Structures are given as C-alpha cells and as structure tokens.
Amino acid sequence: MSKISTNMRVYHRYLGFFLAGIMAIYSVSGIIMIFRDTDFLKQENQKVLTVATGLESHAVGAAIKIKNLKILSDTLNVITFPQGTYNKITGVAEFKVKELPYLLNKMTKMHKATHKDPLYYLNIFFGLSLFFFVISSFYMFMPGTTIFKKGMYFTLAGIVLVLVMLFF
C-alpha cells in the first residue's frame, strides 16, 4: 500500500471513531425530522407568552411563532385560534403546542442549525468530515483488486439511486 492509502485509512478510522456519537445523533434526528409535519413523538405543552399589545390577527402567528396560524374569531379584545387565544389589551397569548421531548428537540435543532446559530461550525465540520469519508473510502483498497472493483459497482449503484431519487 502507498503511504497516502495507509494515512487515509488511519485518518478514516480515527475520525470515524471520533464522530460516532454525532453520526448517531444526526441519524436519529434525521429520521425524526422526516415526521416533523406530524405529531409523531410530540407532547402537548401549554404556553403563556406576553407579546406586544394590540396586534392584528395576521401578526399574532409571527409573534408567538406558530406558522400558518388560522384565526377562528377576532373580537374587540380577543383573537381566538385553534391552539388558544390572544388578548389584545394585555398582550397575553395562551395556547397549546405540540413539541418533541427536550432531548429530541435539542437534537433536531442541532441538525437544522443555520449560520445564525453557533452550532453551524459543528455542522460545517461534520459535513466536511463526511466528505472526507467519501474521498478516503476510495483509498481503502488498492485499485485493480476485486474488492475495489466491486466497490466501484456499489458506488455506481449508489449514484444511480441518488439521481433517481432526486429527479423522479
């Protein structure tokens, strides 16, 4: 084996051990996120928030962070929606939300981190590490060997599967 192949194997092995925990978290949170539009694993929680007073019905959803809030009624003092109410005079919103349990919620937030979240550095490192795994896997076996040739067939099959999933 060449020195590059040997080094790639070592880096691949120890980086894999180092990232085992985060790979487990990302796999679990990724599966859970598939069901984010359902109530799968979610618990109902009562919330009471004080937001700005006198909000119009179209602004309440943004203020209490409920997307696509449907308004049932809008009276002089109270706006009613399926999850609860908002008092225009006091600014108090009482409502129920369905949320994942604490640990699962933290895991999915880590998975969805954006550039505004300090965790995005971890996401960038993890993404680059996964890309390294892709590249280093081709250095695991010498080109021309049976295992390497079979690996190329599996690589081709994986690429075809991804293309089918993306475009069909």
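Here are the numbers:
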{"read-out": "Members of the range 1-37 that are over 24 Å from residue 139 (Cα atoms), at pLDDT below 95 and part of a loop (DSSP other than H, G, I, E, B)", "value": "36, 37"}
{"read-out": "Of all residues in the range 116-144 being closer than 21 Å to residue 36 by Cβ and of a type outside the set (S, T, N, Q), the one that is surrounded by the most Cβ atoms within 10 Å (Cβ to Cβ)", "value": "126"}
{"read-out": "Qualifying residue in the range 66-86 (condition: within 30 Å of residue 29 (Cβ to Cβ), over 17 Å from the mean Cα position of the chain (by Cα), outside the structural domain of residue 33 (by TED's automatic domain parsing) and in a helix (DSSP H, G or I))", "value": "no"}
{"read-out": "Where residue 122 falls short, out of the listed (1) in the same structural domain as residue 24 (by TED's automatic domain parsing); (2) of a type outside the set (Ser, Thr, Tyr); (3) assigned to a loop (DSSP other than H, G, I, E, B)", "value": "(3)"}
{"read-out": "Residue among 103, 41 that alone is assigned to a loop (DSSP other than H, G, I, E, B) and either under 30 Å from residue 135 (Cβ atoms) or under 26 Å from the mean Cα position of the chain (by Cα) (or both)", "value": "41"}
{"read-out": "Residue, surrounded by the most Cβ atoms within 10 Å (Cβ to Cβ), within the range 87-109, restricted to residues that are more than 30 Å from residue 31 (Cβ to Cβ) and of a type outside the set (Gly, Ala, Ser)", "value": "88"}
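The values are calculated or read from the model by the stated rules, or taken from the named source; none is laboratory data. Everything quoted here is computed from the prediction, not taken from an experiment. For neighbour counting, all protein chains shown are included, and Cβ atoms are generated from backbone atoms with ideal geometry for every residue, glycine included.
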